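Below you'll find the structure, written out as structure tokens, and then a few comments.
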Number of protein chains: 2
Amino acid sequence: MPKGQPLQVPDDGLTTRQRRGRPLVIVHTGAGKGKSTAAFGLALRAWNQGWPVGVFQFVKSAKWRTGEERALRVLGSCGEGGQVTWHKMGEGWSWIQRQPGGQAEQAAEGWAQVARDLAAQTYRLYVLDEFTYPIRWGWVDVREVTSVLASRPGNQHVVITGRDAHPDLLACADLVTEMTKVKHPMDRGQKGQKGIEW
Amino acid sequence: MPKGQPLQVPDDGLTTRQRRGRPLVIVHTGAGKGKSTAAFGLALRAWNQGWPVGVFQFVKSAKWRTGEERALRVLGSCGEGGQVTWHKMGEGWSWIQRQPGGQAEQAAEGWAQVARDLAAQTYRLYVLDEFTYPIRWGWVDVREVTSVLASRPGNQHVVITGRDAHPDLLACADLVTEMTKVKHPMDRGQKGQKGIEW
């Protein structure tokens with residue numbers, strides 16, 4: 001929530017308005033809570049602007065993000081705000097008819113669709129939830145990711161969440177927040193609960 | 001997003017289920033982005049559980065959080081999920097008829113209503129957005145806040161956002177995440193933009 005004036009105005013030939021409107025690659029990383037919830041909070045702002053929002057959920061379990069998914073589906077179809085399209089790896093991606101392959105293959109297929117959508121400018125905000133992991137595990141080539149992100153056309157914002165973001169991904173991002181755990185109920189033996197963790 | 005088993009199971013006489021269901025005081029603090037968006041992302045999960053959600057927006061500008069407010073109003077009145085009630089200091093609190101006083105007085109009146117609602121168990125999740133500031137500035141007594149939070153009845157979760165959370169507030173919280181700025185477009189002279197900052 002930075003307010004006020006930037007410390008320096010860069011000599012980049014852009015007006016304040018042009019500079020302000022530049023599309024962003026945003027990364028929420030770190031071991032603390034709030035990486036995905038903050039990304040879905042951003043999706044509310046995008047929805048409010050009338051932007052089409054595409055969510056790509058790069059997680060194994062189909063149970064995750066059920067609250068966020070239901071809320072964004074209601075918002076996306078209520079006749080106000082932007083449309084929301086939700087893609088889940090956990091159930092096999094919706095654009096793939098055949099049986100899902102292994103997780104590495106599924107993650108690669110998810111990223112390939114993101115790249116196609118970026119080329120086609122399908123959405124204005126992309127939420128790539130837990131996408132740091134397939135990059136870390138080598139299932140998706142980080143050089144390809146940064147190259148596609150850097151050369152994406154138009155005005156498309158991309159938010160990527162997950163721990164242990166690859167250094168090359170951080171280098172290519174415009175905005176990086178690290179969610180740091182200061183204190184967590186798990187430290188006192190309390191497991192996650194509905195309404196809070198999902 | 002901690003998964004799996006806690007490292008230690010405490011000797012507190014509670015079952016895992018009882019321990020898991022304990023109500024939480026959550027603080028999102030630090031200089032990075034994502035404190036409020038993560039709180040509103042949590043509100044989506046609460047809404048999905050059918051919980052009544054109360055938002056208290058302790059900020060001066062009525063322009064802030066317009067996206068989140070519109071989204072949660074749509075969700076709260078769509079006939080699915082929990083009800084959402086939104087209170088704004090920036091426009092004068094809705095339960096106060098007379099002209100608003102100064103900000104210190106308004107903040108104190110906001111907190112007094114939160115305390116009444118906690119006593120009455122009005123909501124299941126409270127989002128006290130930017131509430132760290134009135135505490136920091138001494139407009140609201142931190143001892144009273146921690147006392148009311150510690151003795152609140154029933155099963156009520158409270159999320160508090162803002163920089164520079166008071167140490168006594170952190171001490172009384174169950175879950176604290178610090179949003180740390182790693183990189184921000186403001187560093188390159190780029191000001192905030194719609195859909196991202198509001």
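The values are calculated or read from the model by the stated rules, or taken from the named source; none is laboratory data. Remember, it's a predicted structure, so these values are computed and weren't measured experimentally. Here the Cβ is made from the backbone with ideal geometry for all residues, glycine too, and neighbour counts use every protein chain on show.
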- request: Could you please find all residues in segment A:117-155 being assigned to a helix (DSSP H, G or I) and either touching a residue at least 60 places away in the same chain (Cβ under 8 Å) or touching a strand residue (DSSP E or B) at 6+ places or on another chain (Cβ under 6 Å) (or both)?
  value: A:117, A:132, A:133, A:134, A:149
- prompt: Among (1) at the interface with chain A (Cβ under 8 Å from one of its Cβ atoms); (2) buried (at least 20 other Cβ atoms within 10 Å of the Cβ); (3) touching a helix residue (DSSP H, G or I) at 6+ places or on another chain (Cβ under 9 Å), where does residue B:78 come up short?
  reply: (2)
- request: Please state which one of B:58, B:40 is in contact with an Asp or Glu (Cβ under 7 Å, 6 or more places away or on another chain), facing chain A (nearest Cβ under 7 Å) and crowded, with 19+ Cβ neighbours inside 10 Å.
  value: B:40
- request: Give me the pairs, please: first residue somewhere in segment B:173-198 and under 17 Å from residue B:29 (Cα atoms), second residue anywhere and surrounded by fewer than 19 Cβ atoms within 10 Å (Cβ to Cβ) and among the small types (Gly, Ala, Ser), beta-carbon distance under 8 Å, and either six or more positions apart or on two chains.
  value: B:179/B:31; B:180/B:31; B:181/B:31
message: Criterion first (of a type in the set (Val, Ile, Thr), under 30 Å from residue A:81 (Cα atoms) and assigned to a helix (DSSP H, G or I)) does residue A:114 satisfy it?
response: yes
task: Count, please, the residues in segment B:158-176 that happen to be closer than 22 Å to residue B:119 by Cβ and in a helix (DSSP H, G or I).
output: 3
- prompt: For segment B:89-111, which residues satisfy the criterion of being of a type in the set (D, E, K, R) and in a loop (DSSP other than H, G, I, E, B)?
  reply: B:91, B:98
query: Within segment B:162-193, how many residues are out of contact with any Lys or Arg (no Cβ under 8 Å at 6 or more places or on another chain) and more than 18 Å from residue A:177 (Cβ to Cβ)?
result: 4
- request: State whether the residues of segment A:39-61 include one that is more than 15 Å from the chain's Cα centre (by Cα) and modelled with pLDDT under 95.
  value: yes
- request: Filter segment B:125-155 down to residues that are within 11 Å of another protein chain (Cβ to nearest Cβ) and closer than 21 Å to residue B:19 by Cα, then give me how many there are.
  value: 2
- request: Say whether the condition of being touching a residue at least 40 places away in the same chain (Cβ under 8 Å), more than 8 Å from chain A (Cβ to nearest Cβ), surrounded by 18 or more Cβ atoms within 10 Å (Cβ to Cβ) and not hydroxyl-bearing (Ser, Thr, Tyr) is met by at least one residue in segment B:85-106.
  value: no
